[in-house]
1. So which residues in segment 234-268 are modelled with pLDDT of 80 or more and polar (S, T, N, Q)?
2. So, in segment 104-131, exactly how many residues are in a loop (DSSP other than H, G, I, E, B) and either among the aliphatic types (A, V, I, L, M) or buried (at least 19 other Cβ atoms within 10 Å of the Cβ) (or both)?
3. In segment 44-75, how many are over 25 Å from ASN150 (Cα atoms) and in contact with a Leu (Cβ under 7 Å, 6 or more places away or on another chain)?
4. For ILE96, state whether it is at pLDDT 95 or above and within 14 Å of LEU17 (Cβ to Cβ).
5. Which residues, counting only those in segment 185-222, are surrounded by fewer than 14 Cβ atoms within 10 Å (Cβ to Cβ) and of a type outside the set (D, E, K, R)?
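The values are calculated or read from the model by the stated rules, or taken from the named source; none is laboratory data. In this text the structure is predicted, and so the values were computed from the model without any measurement. Reconstructed Cβ throughout: ideal geometry from the backbone, glycine too, with neighbour counts over all protein chains shown.
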Amino acid sequence: MKYTFGPVNSRRLGLSLGIDLLADKTCSFNCIYCEIGASPRVTCDRKEYTPTAEIIAEIDRVIRNQSGSKPIDVFTVTGNGEPTLHSGLGKIIHHIKEKTDKPVAVLTNGSLLHRADVRKDLFEADIVIPSLDAALEGSFRKINRPAPCNTLGEIIEGLVVFSQEFTGKLWLEILIVKGINDTPEDILALQKAVTKIKPDMVQLNTVARPPLEKYAHPVSQKELEHIAEELPGKVEIIVDFSQKKKEHTRNANEPEILHVLQRRPCTASDICEALNLDTDSTEKALLHLERSGSITKTEHQGRKYYSAS
């Protein structure tokens, strides 16, 4: 499959079928913590980056082949970059809603929500998870490194308007990087922004996988807990899903593992959890893939990560 992957166990959404709208990485940000590498194209231009008809045809094949395969809890629209840049987004969401009764979630950096056409495209989604990592201009520029066409005030205002118009669930993700957006001034600014946006939930995160920039370091669990206490409304700290107990696992499948690693770096534990695999067969498959040159291994924060070569 070219545009869909999984279904994989998502720590936030359940058994999720990922839908990638951007064949080549294209984004409106070039975040220092990005786990899928630098953005060669940093832009705000909306257009059909990949053929919408091909994406829809592949989604239809997945739906037709659901019998006897792993059930899907949610269709998750994401992208090798920023999915709202793709002009066919609304058509794709509408098609999924017509063809299935499963919810649709969209992961976005929120940079284009000030645009009425983008908000309209998202209205049929069930869950939208935008990001807001900083509410101070200096921190925003340091952590997200946006395209020149992005302004922080416009982004926050877009989130506020979308929250008022959207009837689905709005979960706002905030990712904290040590020494970048974790000062008392940063947290106070985020507190004020969240109060204006009024999301259904704030999901608080930190750097977990190998970041684009080596200086993007995580904050501790204790620091996240303190920040969570400062933010209004319901706040959830995103916990490493590798800590969850796994049951009814199955043997590893190398092509399936490689498909996941083409999207983002993972530890062996991440892969086991995402695909519900047993540890022994996963480690053997990873060793074989590494020896064949299909994947590479790096270390980050004392943990071994694998990524597609």
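1. Passing the criteria: only THR267.
2. So the answer is 7.
3. Residues in segment 44-75 being over 25 Å from ASN150 (Cα atoms) and in contact with a Leu (Cβ under 7 Å, 6 or more places away or on another chain): 8 in total.
4. Answer is yes for this residue.
5. LEU188, THR195, TYR215, SER220, GLN221
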